[in-house]
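Nothing in this text is a laboratory measurement; each read-out follows from the coordinates by a stated rule. Everything numeric here is computed off the predicted structure, so don't read it as measured data. In this analysis, Cβ positions are derived from the backbone assuming ideal geometry, glycine residues included, and neighbour counts consider all displayed protein chains.
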Amino acid sequence: MRPQPMVSIDVWNASVDFPIFDAKSRSLKKLALGKVGGKIGAEGRVPIIEALHDINISLRHGDRVGLVGHNGAGKSTLLRLLSGIYEPTRGSSRIQGKVAPVFDLGVGMDPELSGYENIMIRGLFLGMGRKEMEKRVDDITEFTELGDYLSMPLRTYSTGMRVRLALGVVTSIDPEILLLDEGIGAVDAAFLEKARDRLNDLVARSGILVFANHSDDMLVELCNTAIWMDEGRVKMHGSLREVVKTYKGRDPYEHLNAATLERIGQSPVLSGNGGE
């Protein structure tokens, strides 16, 4: 049996602040606050956005964490802290393992290059090697069903075609720490249904998953615990059922359809966790 990689995420009393150096208008401050979450404070004469405050998180191999909270609560900022994109203003963090941040399906893709070329670029952006991506091209091609379009520039693609290409690449990688933002759920329902097995396989190959999403179905399928973010703080961290029930006022397992319940029971990721 292949040994499990040593992956971990530890965050101690971490806060992330953003100074706004030209924030004379209230509308500008509101715009910035809406994008990162948290509260507007003040440090001297410079307005400060307190995007994250006093975050304490410890994750280990096998953890599948859903991030819940209203828009602007700090979920995306937390993902960027966990990826190393943002450094804590106060406190500290330590990430052990190769991180694959999937915040925007279109990041790392060039509209002037072909679909095939963008497969390579996107894979390299997500931390894969060139030879690793070359081995995956045929599988990605079959999954996307884009055919001859893969030889054409990305700028000729419709939005749906771009999502197919990006999702094909994302679900082909081998991450140690997988950070997914909620945008991955905003795809065509029929294609997302086709991609469910690949998403489950992707999560199964990852050591740690942190997934920000509003969909109960997707959270239940992919996660076993949850963190409730509110105004840049961790309001609750525990089992998926208890956190979502407290946050939304309903049991996330109550209204699942039969197909979803069957997938949960059969999924290697979810078997035996999260539902109790």
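Here are some notes:
- Checking every one of the GluC sites (Glu not before Pro) in region 205-256 against DSSP loop status and a limit of 10 other Cβ atoms within 10 Å picks out 254.
- Summing Lys and Arg as +1 and Asp and Glu as -1 over all other residues whose Cβ lies under 12 Å from the Cβ of residue 114 gives a net charge of -3.
- Phi-based couplings in Hz for region 82-90 (Karplus 6.51, -1.76, 1.60; Gly and Pro marked x): 5, 7, x, 5, 9, 9, x, 5, 9
- Under 5 Å from the amide H of residue 235 lie the amide H atoms of 228, 229, 230, each residue being 5 or more positions distant or on a separate chain, with H modelled from the backbone and absent for Pro and chain starts.
- Sparsely packed GluC sites (Glu not before Pro) within region 94-176, loop by DSSP, other Cβ within 10 Å at most 10: 112
- Along region 219-227 the Karplus relation, 6.51 cos²θ - 1.76 cosθ + 1.60 evaluated at θ = phi - 60°, assigns HN-Hα couplings of 4, 5, 5, 10, 10, 10, 9, 8, 10 Hz to successive residues, with x for each Gly and Pro.
- Applying a DSSP loop filter and a limit of 16 other Cβ atoms within 10 Å to the trypsin sites (Lys or Arg not before Pro) in region 103-147 leaves nothing.
- Rounded to whole Hz, the Karplus (6.51, -1.76, 1.60) HN-Hα couplings of region 114-120, x for glycine and proline: 6, x, 4, 5, 6, 4, 5
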